[in-house]
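Notes to accompany the following structure.
The values are calculated or read from the model by the stated rules, or taken from the named source; none is laboratory data. Everything numeric in this text was worked out from a predicted model, so none of it was measured. Counting neighbours? That spans all protein chains shown, and the Cβs are built from the backbone with ideal geometry, glycine included.
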Amino acid sequence: MTESLTLEYEPGTVSGDDPLHGELMHLNVGPQHPATHGVLRLKITLDGETIREVEPVVGYLHRGKEKTCETLGWRRFFVHTDRLDYVQPLTNNCAYAMALEELAGLEIPERGQVIRVLLMELSRIASHLIYLGTTGIDLGAVTMFFFCFNEREKIYELLDAYTGHRMNNTYVRIGGVYADVEESVQDAVTGFLETFPAKVDEFEKMLTGNRIWYDRNRDVGVLTRDDALAWSLSGPNLRGSGVELDLRRAEPYCGYEAYDFDVPVGTIGDCYDRYLVRVEEMRQSARICRQAIDKLGKTRGGEFLAEDRRFVLPPKSEVRQSMEELIHQFKIVTDMALPAGEAYGSIESSKGELGFLVASDGTSHPLRCHIRAPSLMNVQAIPHLARGRLLSDLVAIIGSLDFVMGEVDR
Amino acid sequence: MNALERILSALGDPAPQGSTGRDGIPCLEIEAKDARRTIARLKSACGFDTNTFVTAIDRFPAEPRFELLWQFRSLVHGDRVRVRARLDAGPEGPRAPSIADLFPGAAYSERECFDMFGIVFEGHAGLKRLLMPEEYDHFPLRKDFPHQGIEPDRLYREWDRRRHEKPAGSAT
Amino acid sequence: MGSLKPAGPSPSEGGFFATRADWLVNWGRKNSLWPMPLGLSCCGIELMAMIGPKFDIARFGAEAARFSPRQCDVLIVAGTLTWKMAEACRTIYDQMPDPKWVIAMGVCSSSGGMYDSYAVVQGVDMLMPVDVYVPGCPPRPDAVIDALIKLQKKIARERPVELLLSGDNDDEGAGTRRFSYPPNHAVPTTRSHEVLPPDAGPRG
């Protein structure tokens, strides 16, 4: 495909024996490379420093997750959903649980929804911190990496206190979350949210007005409105191009209609706009988290897990005393079946629209679980944005598209 | 009128079979040969400007075996539609029309369907495997493919053997 | 399993100079283990957290996480290795100059982890010898630092100068051969024919 490219020059513009033109170079940015976006391979055809063609090769992290769902069953697949977009594991859990709840026709109690919103927004902050840190270090702002990971460590501590694990928590179940949020964790989250907006201001002070950051990102990787929609982009990539689409507003889930937040939208659609959108989203996520903590205070003592014994495990104390609950426990663990049919549940993850299409034939053996990964569409857009630009712009474009290979390859 | 009625009236004749799924998304059932025409009309007349996914379900052992699913979303109207078509595993394997020229974002999804199910998309420029290595022989998401795979290390063994067969003098 | 052979000469064959020189060489090597981070998936994020400010692997001399294998000492395989990536991973291992060590971080690189599927290598030790395995999904950065300290203790037990002086270095890698048990190779690799008998089946 790339061998057929030829260089066309106007007669008289290039001297026939000019050594600088006339030869294309194939550069392999191999599956292992320091731009810490995972195992992505780019086959680049260069004319000097200008990119003529770039072909992404994915699949170096394909672990067969969709096949795994068919083999393991609906409940045991929850641990695998964490490892999809591994910078925000709880968000994937929530998306999968919501798809299953749509198919099962299950309603989540309010406190369960509030806890899910809190976890999803903390994960969104964590994901955007990874974006900022890794894109910063790719473009030379090494300090950003350490600053952002410092903040991410604080979020890890909160999640460690609540779920018991720093990442890949798997704390969401069909019908709600695994356990309630304690007062101490609530206070810790409040403490984090008090200091976090000042940190975001510090990040902005370092980057937003920075001449180098501006020059590396302004007018680089410009994505028009129509192109963004045609390439199936969503999330900050779409909003950076001026399309005001946020699934939390357009198709509210988990009680998002009751939260007060703004949706930042860009104008030009270049890397700088996408950067501004994500930084502002971090602030808005902190705002939503504060409202979620207030709601947690109001719903104290409420149920966080639905009661439907076809899908939700009964509490262990009841299992030990009641025969009926023991049978429910046994049936759910060994043989949980979802009603026949199919359902698509999608949420607004930090990368875009993360959706799960779950199809069941009524038995406990899943028929199909397709993971609609936003990062796959983000990778697809790389050639469109990078063609004709310099090689160093490619690094900025990859960083600003913000994809995670666990999700791309599944 | 609800989303399904709006879509069916905008599509005009001949209208495909439609229903609303459990998740509230309208579903259209069409023949594989009408897929391109229907999807082009969905784009031009019904306002569906972005493709969400292209995927397939293997309904082995029922015939026709593969069920191809497309899903689209409309920014203007704010609703979605899911289109499904059953594919016969013909003499050369299942074939379907490609929509990658109408929706460039569907290109990778179609390559993935080819990789995982073996469905060949006619008209797709550059249809090759996406997730498995290019020389891989099997289609993993088919129901008759075992979960642990068939000789998963075959390609690696070939590479290792080729490395050992290099002429003396080059680095091992 | 193949025959059990101790690595290197027995302690009685060394001399005072060799043991002191060994101590010096090992001290230098173990306190400047430059990692080659092969961050493949989720463990890569914890690897980044380990290089980050809170856990700070630079305290242990593993400061320079160079991304070129030619300049690195220890390959940290962090994440799931798939068969598509295996060729690249093996090439990276081969490109690292001796002495080199491998830490298999996380269960995916130790044994395939939770993925017993058609695309995942069931443990990076199918392709290369591993020195330290770190369980966890992902392991806490503290656990990987513990693995690094264990590796440092393992390096302290090596006897490179003694092997050099005793003349038992007729092929490359003998000076740092440190395996008492043959590696668990299911797939024959360039090195495995040296440690496994030729008629050994898969899994020794």
Sole residue being in contact with an Asp or Glu (Cβ under 9 Å, 6 or more places away or on another chain), buried (at least 19 other Cβ atoms within 10 Å of the Cβ), outside any loop (DSSP other than H, G, I, E, B) and more than 8 Å from every other protein chain (Cβ to nearest Cβ), chosen from B:F121, B:F114, B:F139: B:F121
Residue match in the range A:187-208 (condition: more than 14 Å from every other protein chain (Cβ to nearest Cβ), in a loop (DSSP other than H, G, I, E, B) and modelled with pLDDT under 90): no
Residue selected from the range B:127-136 under the condition of a type outside the set (D, E), over 17 Å from B:N51 (Cβ atoms) and more than 9 Å from chain C (Cβ to nearest Cβ), by the criterion surrounded by the fewest Cβ atoms within 10 Å (Cβ to Cβ): B:K128
Residues (more than 27 Å from A:A250 (Cβ to Cβ) and among the small types (G, A, S)) located in the range B:74-109: B:A85, B:A89, B:G90, B:G93, B:A96, B:S98
The lone exception for B:A45 - which of (1) in contact (Cβ under 8 Å) with a residue 24 or more places away in the chain; (2) under 12 Å from the mean Cα position of the chain (by Cα) it fails: (2)
Filter result for A:R63 (surrounded by 23 or more Cβ atoms within 10 Å (Cβ to Cβ), charged (D, E, K, R) and more than 10 Å from chain C (Cβ to nearest Cβ)): no
Residue that is farthest from B:D23 (Cα to Cα), among those in the range A:339-354 that are buried (at least 24 other Cβ atoms within 10 Å of the Cβ) and out of contact with any helix residue (DSSP H, G or I) (no Cβ under 6 Å at 6 or more places or on another chain): A:S346
Tally, over the range B:25-56, of residues that are under 21 Å from A:M377 (Cα atoms) and within 12 Å of chain A (Cβ to nearest Cβ): 11
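So is B:R22 under 20 Å from A:E102 (Cβ atoms), more than 20 Å from the chain's Cα centre (by Cα) and either within 14 Å of another protein chain (Cβ to nearest Cβ) or without any contact (Cβ under 8 Å) to a residue 60 or more places away in the chain (or both) or not? Steps first, please.
On the way: under 20 Å from A:E102 (Cβ atoms): yes; more than 20 Å from the chain's Cα centre (by Cα): yes; either within 14 Å of another protein chain (Cβ to nearest Cβ) or without any contact (Cβ under 8 Å) to a residue 60 or more places away in the chain (or both): yes.
So B:R22 passes the test.
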Checklist (1) in a loop (DSSP other than H, G, I, E, B); (2) crowded, with 24+ Cβ neighbours inside 10 Å applied to A:S364, failing item: (2)
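Which one of these is within 25 Å of A:I137 (Cα to Cα), more than 8 Å from every other protein chain (Cβ to nearest Cβ) and touching a residue at least 12 places away in the same chain (Cβ under 8 Å): C:I45, C:I76, C:I92?
Working: C:I45 fails: more than 8 Å from every other protein chain (Cβ to nearest Cβ); C:I92 fails: more than 8 Å from every other protein chain (Cβ to nearest Cβ).
The unique qualifying residue is C:I76.
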Filter result (aliphatic (A, V, I, L, M) and modelled with pLDDT of 90 or more) within the range A:40-50: A:L40, A:L42, A:I44
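Out of curiosity, is B:V81 within 25 Å of A:S375 (Cβ to Cβ) and of a type in the set (V, I, T)?
Details: within 25 Å of A:S375 (Cβ to Cβ): yes; of a type in the set (V, I, T): yes.
For B:V81, the condition - within 25 Å of A:S375 (Cβ to Cβ) and of a type in the set (V, I, T) - is met.
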Scan of the range B:1-19 for residues that are polar (S, T, N, Q) and either touching a residue at least 40 places away in the same chain (Cβ under 8 Å) or not in a helix (DSSP H, G or I) (or both), ordered by number: B:N2, B:Q17, B:S19
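Only one of B:G105, B:G78, B:G93 is small (G, A, S), facing chain A (nearest Cβ under 10 Å) and outside any helix (DSSP H, G or I); which?
Values: B:G105 fails: outside any helix (DSSP H, G or I); B:G93 fails: facing chain A (nearest Cβ under 10 Å).
Every option except B:G78 fails the conditions.
With C:R159, C:R178, C:R191 as the choices, which residue is within 13 Å of the chain's Cα centre (by Cα) and modelled with pLDDT under 85?
Details: C:R159 fails: within 13 Å of the chain's Cα centre (by Cα); C:R191 fails: within 13 Å of the chain's Cα centre (by Cα).
Step by step, each of C:R159, C:R178, C:R191 is checked, and only C:R178 is within 13 Å of the chain's Cα centre (by Cα) and modelled with pLDDT under 85.
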Meets criteria (without any contact (Cβ under 8 Å) to a residue 40 or more places away in the chain and within 12 Å of another protein chain (Cβ to nearest Cβ)) for A:A359: yes
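Of the residues A:M206, A:M167, which single one is buried (at least 22 other Cβ atoms within 10 Å of the Cβ), more than 17 Å from A:I288 (Cβ to Cβ) and touching a residue at least 12 places away in the same chain (Cβ under 8 Å)? If you could, list the steps in order and put the result at the bottom.
Numbers: A:M206 fails: buried (at least 22 other Cβ atoms within 10 Å of the Cβ).
Residue meeting the stated conditions: A:M167.
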Among the candidates A:L326, A:L276, residue that is more than 14 Å from chain B (Cβ to nearest Cβ), surrounded by fewer than 17 Cβ atoms within 10 Å (Cβ to Cβ), of a type in the set (A, V, I, L, M, F, W, C) and not in a loop (DSSP other than H, G, I, E, B): A:L326
Residues being aliphatic (A, V, I, L, M), assigned to a helix (DSSP H, G or I), more than 14 Å from chain B (Cβ to nearest Cβ) and buried (at least 24 other Cβ atoms within 10 Å of the Cβ) - total across the range C:99-147: 1
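Does A:L193 count as in contact (Cβ under 8 Å) with a residue 24 or more places away in the chain and within 20 Å of the chain's Cα centre (by Cα)? Explain how you work it out, then say what you get.
Values: in contact (Cβ under 8 Å) with a residue 24 or more places away in the chain: yes; within 20 Å of the chain's Cα centre (by Cα): no.
No.
From the set of residues in the range A:367-384 that are part of a strand (DSSP E or B) and at the interface with chain B (Cβ under 8 Å from one of its Cβ atoms), which is nearest to A:E55 (Cα to Cα)?
Quick first cut of the range A:367-384, residues part of a strand (DSSP E or B) only: A:368-372.
Okay, now just the ones that are also at the interface with chain B (Cβ under 8 Å from one of its Cβ atoms), so A:368, A:370, A:372.
Values: A:R368: 30, A:H370: 25, A:R372: 21 Å.
Here the residue is A:R372.
Return yes or no: is A:T143 on the phi < 0 side of the Ramachandran plot, within 17 Å of the chain's Cα centre (by Cα) and not in a loop (DSSP other than H, G, I, E, B)?
Details: on the phi < 0 side of the Ramachandran plot: yes; within 17 Å of the chain's Cα centre (by Cα): no; not in a loop (DSSP other than H, G, I, E, B): yes.
Considered against the rule, which asks whether it is on the phi < 0 side of the Ramachandran plot, within 17 Å of the chain's Cα centre (by Cα) and not in a loop (DSSP other than H, G, I, E, B), A:T143 comes out as no.
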